[in-house]
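Peer 1: First the structure, which I've put down as structure tokens, then a few questions once you've had a look.
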Amino acid sequence: MRKQPPPCYAVGAVIYRYDNHGAIEVLLIKKHYGGWSLPKGTIKAGETEREALAREVAEETRLMGTIGAFLHEAVYTVVKRGQLRLKSVRYYLLGGVVGRPRPGGHEGIRKVRWFGLSAAIQRAHNDRVRTVLEYAGVALTRRNNVIEHRRLVERSIGG
């Protein structure tokens, strides 16, 4: 019987800022081979989630910022080296950004761009990313709205 490969653990960020009118903007990245997404990457041996997140954001966008609240964990299956593996990505808010976003070329990032939150949700290349962006919107605009949060949780677990 073939041994099950270990899960892959990663972290991702919803990098945000507010425009001149107070509206939320989020930074999306576009890789050479894909659609608009969020910065994310694998946690290396010996790294904490926060260390890995800071490294991945810097590598993919050339930005630094303040890591905020945990938003959501996306768990799904990927194919790595010809084998199915479980992948877990824990997403966090990241604000107070320092620097000007630039694509991390060696990471395969082709574009980085700020979008209004609703435009980012529409542009996101898959439902996992859209769900994370929706969680970010709730966290950033309605911190005390328990009903909205419960709706998203129920939808994400198929309730």
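Peer 1: Please state which of the following conditions residue 131 fails to meet, knowing it meets all the rest: (1) loosely packed, with under 15 Cβ neighbours inside 10 Å; (2) within 30 Å of residue 4 (Cα to Cα).
Peer 2: So residue 131 meets the others, but not (1).
Peer 1: Just to be sure I understand, how many residues within region 1-23 are within 21 Å of residue 61 (Cα to Cα), among the basic types (Lys, Arg) and in a loop (DSSP other than H, G, I, E, B)?
Peer 2: 0
Peer 1: Identify, from the list 23, 10, 45, the residue that is surrounded by 15 or more Cβ atoms within 10 Å (Cβ to Cβ) and not β-branched (Val, Ile, Thr).
Peer 2: The match here is 10.
Peer 1: Of the numbered conditions (1) basic (Lys, Arg); (2) modelled with pLDDT of 70 or more; (3) over 17 Å from residue 25 (Cα atoms), residue 151 fails exactly one; give the number of that condition.
Peer 2: (2)
Peer 1: Do any residues in region 1-20 that are in contact (Cβ under 8 Å) with a residue 40 or more places away in the chain and farther than 16 Å from residue 77 by Cα have Cβ atoms under 9 Å from those of residues that are part of a strand (DSSP E or B) and polar (S, T, N, Q), where the two are at least six apart or on different chains, and which pairs are they?
Peer 2: Short answer, once both residue conditions are applied: 12/37.
Peer 1: Across region 104-116, what is the number of residues that are of a type outside the set (Lys, Arg), touching a strand residue (DSSP E or B) at 6+ places or on another chain (Cβ under 7 Å), surrounded by fewer than 19 Cβ atoms within 10 Å (Cβ to Cβ) and at negative phi?
Peer 2: Residues meeting the conditions: 3.
Peer 1: In addition: Go through region 24-81 and give me each residue that's touching a helix residue (DSSP H, G or I) at 6+ places or on another chain (Cβ under 7 Å), farther than 20 Å from residue 134 by Cβ and not in a strand (DSSP E or B).
Peer 2: Correct list: 43, 44, 59, 60, 63.
Peer 1: Residue 50 fails exactly one of the following numbered conditions: (1) surrounded by 14 or more Cβ atoms within 10 Å (Cβ to Cβ); (2) at pLDDT 90 or above. What is the number of that condition?
Peer 2: For residue 50, the exception is condition (1).
Peer 1: For region 53-73, give me the residue count where each residue is crowded, with 20+ Cβ neighbours inside 10 Å and under 24 Å from residue 127 (Cα atoms).
Peer 2: Summing the residues that are crowded, with 20+ Cβ neighbours inside 10 Å and under 24 Å from residue 127 (Cα atoms) in region 53-73 gives 7.
The values are calculated or read from the model by the stated rules, or taken from the named source; none is laboratory data. None of these values were measured; they are calculated from a predicted model. In this analysis, Cβ positions are derived from the backbone assuming ideal geometry, glycine residues included, and neighbour counts consider all displayed protein chains.
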